[in-house]
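**Student:** Let me begin by handing over the structure; questions about it come next.
The values are calculated or read from the model by the stated rules, or taken from the named source; none is laboratory data. Please read all numbers here as calculations on a predicted model, not as lab measurements. Here the Cβ is made from the backbone with ideal geometry for all residues, glycine too, and neighbour counts use every protein chain on show. In case anyone asks, the SASA skips ligands and DNA or RNA and just uses the protein heavy atoms, side chains included. Shrake-Rupley method; radii C 1.70, N 1.55, O 1.52, S 1.80 Å.
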Amino acid sequence: MMNRNQIALWIAAVALASGPTEARDFIRYDPGHVPLDFIKIITVEQSSGATAVSLPGRVSFDEDHTQRVASPIDGRALAILVKLGDKVRAAQPLVQLSSPSIGQIQSDAQKALADLTVAEKAGERVHKLLAEGAVAEKEVAQADGDLRKARSDYARATVQLKALGLSASDPAVNASLRAQIPGVVVDRNVLVGQEVRADQATPLLTISSLDTVWVMADAYEQDLGLVHVGDAVDVRVPAYPGEKFPGKVGNIADVVDPTTRTVKIRCLVPNADHRLKPEMFARVEVRGSSRHPVIMVPAKAALSDGDRWLVIVATEGNTFRARRVAIGAEIEGQVRVIDGLTPGEKIVSEGAIFMKREIESQ
């Protein structure tokens, strides 16, 4: 390693060897002068094996196992039967409601059942008469249509009753909103005595099974070729430094965000101990087999110059030039060069900052 005096002598030698002092975009050195033992030069190589890419992300709920509880009717909350953090089972009552609509729903269900019974008997009668030639096919078609409508009306009324935990034959003035899935109460936006509406946008409660979470990562366009559905991922979060949470890529969005120029990558990550919390910031390392050859170089070789990236290219005649390149994300001390380098070229991997400053000072 050269000391400061040696570096100063080397700079002077370079300046003399370069001739006139006009501005240059390169620098040339004479190996007969002070050796550059702190400069390391490597040959750019292309790899077609396994690659990895690191993406910023955020932990979120598994929407396939999340219920946002809303009321199908207008009413008033008489009792809130769960608290934040409570574990609930499927069909467990969550909120007790009082509503004048309950009696009407039960009445409609009873009428729908009666109409269905009448329609079924009428259908049986006309089909029997048709077999005897006593009715026209038009009457049979009408009866069949009435039966289909009656079945549809009864099914709709039954769904409303089921959503409220009611029975058509058991008159009631109160109803309960119930959990559709097992999980944990992660959000609550209802108070005792509060008026609730069927059309309100904010859910009363949110229940989610946190045994699996989604980690939504942002991939730039140039990194999409390295990410595929099914690829293994390792998720890191600041809360647990040094730990990795394994998962896999479940989906790649079909559109690019016009503002960030990124594509959403949905990763499925097991979370049996619930250590990953929704809204945590995360770093997602996607590991997979690249389907295209890529160029990887040491991160030290890529220099940021404001809004661009540079590498120092070494050519014949001991000449160094700064070249603009496009790079991908960094992972494990390596960056992928997307554009600007070709296999076989030589670049400075250590001491690149020093070489860049000397080129700019010429």
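**Student:** Return only the number of the condition from (1) open to solvent by 90 Å² or more (accessible area, probe 1.4 Å); (2) among the acidic types (Asp, Glu); (3) outside any loop (DSSP other than H, G, I, E, B) that Asp307 does not satisfy.
**Tutor:** It is condition (3) that Asp307 fails.
**Student:** Please list, ordered by first then second residue, the pairs with beta carbon atoms under 8 Å, 6 or more apart or interchain, first in the range 317-329 and more than 14 Å from Glu360 (Cβ to Cβ) and part of a loop (DSSP other than H, G, I, E, B), second open to solvent by less than 50 Å² (accessible area, probe 1.4 Å) and not small (Gly, Ala, Ser).
**Tutor:** Asn318/Tyr29
**Student:** Kindly list, by first and then second residue, each pair from a residue in the range 268-292 that is more than 15 Å from Asp231 (Cα to Cα) and open to solvent by 40 Å² or more (accessible area, probe 1.4 Å) to a residue that is at pLDDT 95 or above and among the aromatic types (Phe, Trp, Tyr), limited to pairs with Cβ atoms under 6 Å and residues at least 6 apart or on different chains.
**Tutor:** So the pair list comes out empty.
**Student:** Between a first residue in the range 224-253 that is under 25 Å from Ile327 (Cα atoms) and polar (S, T, N, Q) and a second residue that is open to solvent by 20 Å² or more (accessible area, probe 1.4 Å) and at pLDDT 95 or above, which pairs have beta carbons less than 9 Å apart while being 6 or more apart in sequence or on different chains?
**Tutor:** Close Cβ pairs (under 9 Å, with a partner that is open to solvent by 20 Å² or more (accessible area, probe 1.4 Å) and at pLDDT 95 or above) amount to Asn251/Lys264; Asn251/Arg266; Asn251/Leu268.
**Student:** Which residue is nearest to Ala175 (Cα to Cα), if the candidates are limited to the range 91-110 and must be open to solvent by 50 Å² or more (accessible area, probe 1.4 Å) and not in a helix (DSSP H, G or I)? Steps first, please.
**Tutor:** Our first condition is that a residue be open to solvent by 50 Å² or more (accessible area, probe 1.4 Å); within the range 91-110, this holds for 91, 96, 100, 104, 107-108, 110.
Okay, now just the ones that are also not in a helix (DSSP H, G or I), so 91, 96, 100.
Values: Ala91: 13, Gln96: 6, Pro100: 11 Å.
So the residue we want is Gln96.
**Student:** Taking the options Ala141, Ala134, Ala150, Ala201, name whichever one is outside any strand (DSSP E or B), without any contact (Cβ under 8 Å) to a residue 40 or more places away in the chain and open to solvent by less than 40 Å² (accessible area, probe 1.4 Å).
**Tutor:** Numbers: Ala141 fails: open to solvent by less than 40 Å² (accessible area, probe 1.4 Å); Ala134 fails: open to solvent by less than 40 Å² (accessible area, probe 1.4 Å); Ala201 fails: open to solvent by less than 40 Å² (accessible area, probe 1.4 Å).
Answer to the check: Ala150.
**Student:** If you don't mind, there's one more thing I want to ask. May I ask you to verify whether Val173 is closer than 30 Å to Ile80 by Cβ and under 34 Å from the mean Cα position of the chain (by Cα)?
**Tutor:** Values: closer than 30 Å to Ile80 by Cβ: yes; under 34 Å from the mean Cα position of the chain (by Cα): no.
The answer is no for Val173.
**Student:** I would also like to ask the following. Picking from Thr158, Thr206, which residue would you name as being open to solvent by 30 Å² or more (accessible area, probe 1.4 Å) and hydroxyl-bearing (Ser, Thr, Tyr)?
**Tutor:** Numbers: Thr206 fails: open to solvent by 30 Å² or more (accessible area, probe 1.4 Å).
Within the list Thr158, Thr206, the selection yields Thr158.
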